[in-house]
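Heads up, the thing below is written out as structure tokens.
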Amino acid sequence: MKGTFQAVQITDRVYWVGAIDWNLREFHGYATPRGTTYNAFLVLADKVTLIDTVKAPFFDEMLGRIASVIAPSDIAYVVSNHSEMDHSGSLPRLIEAANPEDVFASAQGVKALEAHFHTDGSVRAVKDGERVSLGDVELTFIETRMLHWPDSMFTLMADEGVLFSQDAFGMHLASSELFADRLDQSLLEFEAGKYYANILMPLSNLVKKLLGKLAGALGDVKMILPDHGPIWREDVSWIVDRYAKWAERKPTKKALVVYDTMWESTDMMARAIADGLMAGGAKPTLMRAARAHRSDIATELLDAGALIVGSPTVNNTIFPGMADVMTYVKGLRPQNLIGTAFGSYGWSGEAVRQLTDMLAEMKVDVVGDGVKCQYVPDGHALAACRSLGIHIAERLDTICGNRPQ
Ligand code: FEO
């Protein structure tokens, strides 16, 4: 691969040596229609250091990019910020090719790498705040435990204001542009928000704590280099501020209506609820589970104040598409939501109760008993749906007040 793939210079001493996965469409349940990147970074110092690696099938691409700058055997240190295999998958082959003096990971990272690759003590554990000298520059390790794995850590090159942040501040976006300032801001907002919603939303309290702990250090950071997507260099506060906002999980007047339908009756009910929401001043977004990916539904939930869920009853239970969405969203532990349920049924009609119970299990503040109707809703049933929408909108109004939305 030598000569095929080239490194991209980021700073005087940092090079991007990662890989672009243009064709990835699914990442453990998360739809990635724009592909992704696996970013790895080479730090040229007295002790040449590689920060993270790439998913195993892209090893040759990474090695080729490294070889465009230095001989891989010149790598003295490797840092594994995160042991999930999209970043550690090439580590065993890299160790074989480069034979580094040391490989560093957090204590939990050492355990995870041993469990994945049976590294048998060849990885050295570093502590939160520990520093390692590369000769002419220094690295500081910052534990970010459970963000989003137990092993996760950041590596800070404080002298140069460069933060290697592994998954944090990243996004699944394959692009020929390596820098965020060369990409459309609405695209960045969407993909970074989708990444936060699907990976970090359940950990929002930890995100808040970490941002508090790093407040001083982040003020001096000029560049954030995540393991996925573009590099933040011109205004790192743009993405840090969004993380602070998303971690707050403040409700808005947006009401997400997620439902599925058999003979369009539950769809009619959803539309009547949406009309009531609009009449009451809320902002509904309707998503049919069979037509939307669960990870896009989770993304819409990131700034919602209400989650309203609907399903017909089939074989005494909810539709399978709704079961998928409800299971996924429950795992993301959304906060500060109100919600209710609705649906059409033929004879037994368990779905609304089951959805209501699921909302309660998610700690959603359930409003009323929802609305159910037999077979096809008539004017009376649709009026009840519209009233439910108005009622939810009024509750959102009380919760959000005049706060800007
Ligand atoms: Fe990009 Fe948690 O791996």
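The values are calculated or read from the model by the stated rules, or taken from the named source; none is laboratory data. Source: prediction; values computed, not measured. Note that each Cβ is placed from the backbone with ideal geometry, even for glycine, and that neighbours are counted across all protein chains shown. We work out accessible area using only protein heavy atoms, side chains counted, and drop any ligands, DNA or RNA first. Shrake-Rupley method; radii C 1.70, N 1.55, O 1.52, S 1.80 Å.
Of everything in region 60-92 that is hydrophobic (A, V, I, L, M, F, W, C) and within 16 Å of the ligand (Cβ to nearest atom), the residue that is surrounded by the fewest Cβ atoms within 10 Å (Cβ to Cβ) is 85.
For region 145-169, the candidate set comprises residues that are in contact with a helix residue (DSSP H, G or I) (Cβ under 6 Å, 6 or more places away or on another chain) and not acidic (Asp, Glu); within that set, the residue that is nearest to residue 227 (Cα to Cα) is 169.
I'd like to know if region 319-336 contains one or more residues that are more than 24 Å from residue 204 (Cβ to Cβ) and part of a loop (DSSP other than H, G, I, E, B). Within region 319-336, one or more residues are more than 24 Å from residue 204 (Cβ to Cβ) and part of a loop (DSSP other than H, G, I, E, B).
Can you pull out the residues in region 7-26 that are in contact with a helix residue (DSSP H, G or I) (Cβ under 6 Å, 6 or more places away or on another chain) and in a loop (DSSP other than H, G, I, E, B)?
Of all residues in region 7-26, those in contact with a helix residue (DSSP H, G or I) (Cβ under 6 Å, 6 or more places away or on another chain) come to 7, 17, 19.
Residues satisfying the conditions are 7, 17.
Does residue 46 satisfy the criteria of being assigned to a loop (DSSP other than H, G, I, E, B) and acidic (Asp, Glu)? Yes.
The set of residues in region 101-120 being open to solvent by less than 20 Å² (accessible area, probe 1.4 Å), outside any helix (DSSP H, G or I) and not hydrophobic (A, V, I, L, M, F, W, C) consists of 106 alone. Selection of region 123-167 for residues being away from the ligand (no atom under 15 Å from the Cβ), touching a residue at least 60 places away in the same chain (Cβ under 8 Å) and not in a strand (DSSP E or B) yields 134, 135, 136, 137, 158, 160, 161. When residue 327 is tested against (1) of a type in the set (Val, Ile, Thr); (2) surrounded by fewer than 15 Cβ atoms within 10 Å (Cβ to Cβ); (3) in contact with a Lys or Arg (Cβ under 6 Å, 6 or more places away or on another chain), just one condition goes unmet, and that condition is (3).
Report whether or not residue 253 is more than 15 Å from the ligand (Cβ to nearest atom), over 30 Å from residue 288 (Cα atoms) and not aliphatic (A, V, I, L, M). So residue 253 fails the test.
Scanning region 293-319 for residues that are among the β-branched types (Val, Ile, Thr) and closer than 17 Å to residue 274 by Cβ returns 297, 308, 309. Just to be sure before I move on: is residue 29 within 29 Å of residue 115 (Cα to Cα), modelled with pLDDT under 95 and in contact with a helix residue (DSSP H, G or I) (Cβ under 9 Å, 6 or more places away or on another chain) in the structure I sent? Yes: the conditions hold for residue 29.
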